[in-house]
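What follows is one structure encoded as structure tokens, with my remarks underneath.
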Amino acid sequence: MAMHKTGFVTSTMFKIIRILVLYVLTLLLQVAGIPSTVPEVVGDFNSLDGLSESDIIDALDLGLVKNFSALITLESVLTNTMTFDFTAQNTLILEMSLDTVSCLAGVNNTVFASFSQTFNPAVVIPTLGTADSGPIDNVEMDLGILATLSIIPLEELDIMDMNITVRLASIGGLGGIPLAFNGLIQSDVPTQWTVQTL
């Protein structure tokens, strides 16, 4: 089983490297004023010979979220919303720019929080580094504030469904290969809760 996994990872990495090389060459041709086809290269990257987004994430051992922070205010009682931020991590040797994210998070296959965010500017995650998402307001407490308060002692959340759009191999947040990853999951994400009181 381990040998099969190692072979799969190696095969996937070679495919990704091959396409990245094509992408860089395409950009160089464009700079030189020679017609090229970035969309075709990007399309090749997106397909990766039939590999799904989940296959790529598994092969690269990429867990996007290092931790969550959640803020429940007095206003949350009225709005049934809270504020989240998360630390995004990049396990790749290429810069990654995070443009959008939508997430369902909870405990024991039950959704307690949901949000969707477009980042402008993008969250730039350096090579083998981390970056803070900044505050994400209006995160829905899907089961209400009392149910949400009850899971605080667990100090962790599971990501049950996350969809992201990123640009891989960006430079200072500019350019990069646009990719969409859908249906990502992640277990036991450390979560720090802050509850404002009178």
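Read the figures in this text as sums done on the coordinates, not as results from a lab. Just so we're clear, the structure is a prediction, and the values are computed from it rather than from any experiment. All Cβ positions, even for glycine, are placed from backbone atoms using ideal geometry, and neighbour counts span all protein chains on display.
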Checklist entry - So, of the residues in the range 128-173 that are of a type outside the set (S, T, N, Q) and free of Cβ contacts under 8 Å to residues at least 12 places away in the same chain, which turns out to be farthest from T91 (Cα to Cα)? => result L146
Checklist entry - Would you call D158 assigned to a strand (DSSP E or B), of a type outside the set (F, W, Y) and within 15 Å of G63 (Cα to Cα)? => result yes
Checklist entry - Within the range 119-146, can you find the residues that are surrounded by 14 or more Cβ atoms within 10 Å (Cβ to Cβ), more than 16 Å from D99 (Cβ to Cβ) and aliphatic (A, V, I, L, M)? => result V139, M141, L143, I145
Item to check | Residues (touching a helix residue (DSSP H, G or I) at 6+ places or on another chain (Cβ under 8 Å), among the aliphatic types (A, V, I, L, M) and surrounded by 15 or more Cβ atoms within 10 Å (Cβ to Cβ)) located in the range 169-198 | outcome: A169, I177, L179, L184, V195
